[in-house]
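Worksheet for the structure shown next.
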Amino acid sequence: MFFKTEVRWYRIYASAEEARARIPLNKAEAITVGGKKICIAHTSEGLFAIQDKCPHNGFSLSQGVCTEDNAIVCPLHRYRFDLRTGRAKSGLGDAGRVYPVESRDDGVYLGMEYTKFSLF
């Protein structure tokens, strides 16, 4: 196999407490990780990461709000996207890319897939 997909982990917050302090419940903020703008959302179920660019019209999802059913609402057209899957909840075929978020002893990490080329 010449191409292998791996996950690179980036520390985005020093602790889960810092993340919760920076992002109030049911709100989001935009951060740049690995050259990509990512929306970090804080819901009652924890922290979630989705691309910051709305797949419908390109508006910043981090400017929206989170709902009780773990969706982020785009502030432009009010489309809702599931934070677990990235899929639109309104029946549209649009979907945003989601990223894994892990809370560890030394901080909160976001995982980004990348493709690695190898001859062996």
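The values are calculated or read from the model by the stated rules, or taken from the named source; none is laboratory data. Keep in mind the model is a prediction, meaning the values are calculated, not measured. Glycine also receives a Cβ, built like all others from the backbone with ideal geometry; neighbour counts cover every protein chain displayed.
Would you say residue 81 is in contact with a helix residue (DSSP H, G or I) (Cβ under 8 Å, 6 or more places away or on another chain) and buried (at least 16 other Cβ atoms within 10 Å of the Cβ)? Can you show your working first?
On the way: in contact with a helix residue (DSSP H, G or I) (Cβ under 8 Å, 6 or more places away or on another chain): yes; buried (at least 16 other Cβ atoms within 10 Å of the Cβ): yes.
It is true that residue 81 is in contact with a helix residue (DSSP H, G or I) (Cβ under 8 Å, 6 or more places away or on another chain) and buried (at least 16 other Cβ atoms within 10 Å of the Cβ).
Here region 99-120 is the region considered, the condition is being of a type in the set (Val, Ile, Thr) and at pLDDT 90 or above, and the residue that is surrounded by the fewest Cβ atoms within 10 Å (Cβ to Cβ) is 101. With the structure loaded, tell me whether residue 32 is surrounded by 14 or more Cβ atoms within 10 Å (Cβ to Cβ) and over 15 Å from residue 96 (Cβ atoms) or whether it fails that test. No: the conditions fail for residue 32.
Considering (1) farther than 20 Å from residue 71 by Cβ; (2) surrounded by 11 or more Cβ atoms within 10 Å (Cβ to Cβ), the lone condition that residue 19 does not fulfil carries the number (1).
Residue-wise test of (1) over 12 Å from residue 28 (Cα atoms); (2) free of Cβ contacts under 8 Å to residues at least 40 places away in the same chain; (3) surrounded by 13 or more Cβ atoms within 10 Å (Cβ to Cβ); (4) not basic (Lys, Arg).
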| site | (1), (2), (3), (4) |
| --- | --- |
| 50 | no, no, yes, yes |
| 59 | yes, yes, yes, yes |
| 62 | no, yes, yes, yes |
| 88 | yes, yes, yes, yes |
| 92 | yes, yes, yes, yes |
| 97 | yes, no, yes, no |
